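Asks: I am attaching a structure below and will ask some questions about it afterwards.
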Amino acid sequence: MRRAIAAAMTRAKREIPHFYLSSTMDVQPARDWLDARNAGRPPDGRLLLGALFVRAVVLAAQAVPVMNGHYRDDAFLPASGVNVGVAVALRGGGLVAPALIGADRMDLAGTMAGMRDLVMRARAGRLRGSEMSEGTITVSSLGETGAEAMAGVIFPPQVALVGIGAPQLRPWVVAGAIVPRQVVTVTVSADHRVSDGRLAARFLAAFAQQIATPEDL
């Protein structure tokens, strides 16, 4: 596993001219909406914050399509849909990023169900070949605990990866007042052969807009 990761990441850093943009954003509205939505539901019927992040990435990729696709034979090939890769840490060590195929056709509940299925099958070694080869953009989240920011390495031939740090409680200005809020730092790793800072900034703005209105996801 480590040899395979080393080979893929060495190729990525050698061939892809990475650049990185980060933005820290308020996710308290998403937290509050999740708490209200999950109240009284059994564990297998609850939504996790990670599903909102994945759904927001899908919608941002549709808004900024240059971040969603593959770079092959010296050309960018935009994807017709969004197959969002979800980084999964394996219990025995290592990492895989299988794709949620057709994520752009899923609602929030379908996204959550698809993520649970991917994680379960990844850890059982039952992923399909298409899930490992057809991702068009990848999300890597540190979950509820850990470092507050992460700049990841793009999985070739994809052209972007979204790294999401662990939520942090921070003082935040809301309507002119300083209040405690849950925030996350989102970092886009992008391929400079395909996009630039302006386009990556548009992607981050689209993500922030989506996560601020979780009821619309």
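Asks: For Asp74, are the conditions met, namely being under 22 Å from Val194 (Cα atoms) and of a type in the set (Asp, Glu)?
Replies: So Asp74 fits the description; yes.
Asks: Which condition from (1) surrounded by fewer than 18 Cβ atoms within 10 Å (Cβ to Cβ); (2) β-branched (Val, Ile, Thr); (3) in a strand (DSSP E or B) is the one that Thr145 breaks?
Replies: (3)
Asks: Scan the range 164-172 and tell me whether some residue there is part of a strand (DSSP E or B) and of a type in the set (Phe, Trp, Tyr).
Replies: yes
Asks: Here is a further query. Taking into account only those residues within the range 107-132 that are under 23 Å from Leu77 (Cβ atoms) and within 17 Å of the chain's Cα centre (by Cα), which is surrounded by the most Cβ atoms within 10 Å (Cβ to Cβ)?
Replies: Glu131
Asks: Only one of Val173, Val186 is in contact with a Leu (Cβ under 7 Å, 6 or more places away or on another chain), of a type in the set (A, V, I, L, M) and farther than 28 Å from Asp74 by Cα; which?
Replies: Among Val173, Val186, only Val186 is in contact with a Leu (Cβ under 7 Å, 6 or more places away or on another chain), of a type in the set (A, V, I, L, M) and farther than 28 Å from Asp74 by Cα.
Asks: Met9 fails exactly one of the following numbered conditions: (1) in contact (Cβ under 8 Å) with a residue 24 or more places away in the chain; (2) under 28 Å from Gln209 (Cα atoms); (3) assigned to a helix (DSSP H, G or I). What is the number of that condition?
Replies: For Met9, the failing item is (2).
Asks: Residue by residue through the range 1-28, note down the ones that are more than 28 Å from Phe76 (Cα to Cα) and modelled with pLDDT of 95 or more.
Replies: The answer is Thr24, Met25, Asp26, Val27, Gln28.
Asks: To continue, here is another question. Show the residue pairs that are 6+ apart or on different chains and have beta-carbon atoms under 8 Å apart, the first residue being within the range 61-84 and farther than 26 Å from Ile211 by Cα, the second being assigned to a loop (DSSP other than H, G, I, E, B) and among the basic types (Lys, Arg).
Replies: Qualifying pairs under 8 Å: Tyr71/Arg193; Phe76/Arg193.
Asks: Condition check: modelled with pLDDT of 95 or more, buried (at least 21 other Cβ atoms within 10 Å of the Cβ), part of a loop (DSSP other than H, G, I, E, B) and not acidic (Asp, Glu). Does Gly135 satisfy that?
Replies: yes
Asks: Being aliphatic (A, V, I, L, M) and in a helix (DSSP H, G or I) is the filter; apply it to the range 17-35 and report the residue that is nearest to the chain's Cα centre (by Cα).
Replies: Ala30
Asks: Quickly run through the range 185-204 and pick out the residues that are in a helix (DSSP H, G or I) and either without any contact (Cβ under 8 Å) to a residue 40 or more places away in the chain or surrounded by 19 or more Cβ atoms within 10 Å (Cβ to Cβ) (or both).
Replies: If the condition is that a residue be in a helix (DSSP H, G or I) and either without any contact (Cβ under 8 Å) to a residue 40 or more places away in the chain or surrounded by 19 or more Cβ atoms within 10 Å (Cβ to Cβ) (or both), then Arg198, Ala200, Phe203, Leu204 are the ones that fit.
Asks: Tally the residues that are among the small types (Gly, Ala, Ser) and touching a strand residue (DSSP E or B) at 6+ places or on another chain (Cβ under 7 Å), restricting the search to the range 161-211.
Replies: Summing the residues that are among the small types (Gly, Ala, Ser) and touching a strand residue (DSSP E or B) at 6+ places or on another chain (Cβ under 7 Å) in the range 161-211 gives 8.
Asks: What's the number of the condition Gln62 fails, among (1) buried (at least 21 other Cβ atoms within 10 Å of the Cβ); (2) out of contact with any strand residue (DSSP E or B) (no Cβ under 9 Å at 6 or more places or on another chain); (3) of a type in the set (S, T, N, Q)?
Replies: Looking at each condition in turn, Gln62 falls short on (1).
Asks: Name the one entry in Ala99, Ala113, Ala89, Ala103 that is under 27 Å from Ala30 (Cβ atoms) and touching an Asp or Glu at 6+ places or on another chain (Cβ under 7 Å).
Replies: Result of the check over Ala99, Ala113, Ala89, Ala103: Ala99.
Asks: Another question, if that's okay. Restricting attention to the range 34-58, which residues are of a type outside the set (A, V, I, L, M) and buried (at least 17 other Cβ atoms within 10 Å of the Cβ)?
Replies: Within the range 34-58, Gly50, Phe53, Arg55 meet the criteria.
Asks: Yes or no: the range 185-202 includes at least one residue that is modelled with pLDDT under 95 and under 19 Å from Leu52 (Cβ atoms).
Replies: no
The values are calculated or read from the model by the stated rules, or taken from the named source; none is laboratory data. Everything quoted here is computed from the prediction, not taken from an experiment. Glycine also receives a Cβ, built like all others from the backbone with ideal geometry; neighbour counts cover every protein chain displayed.
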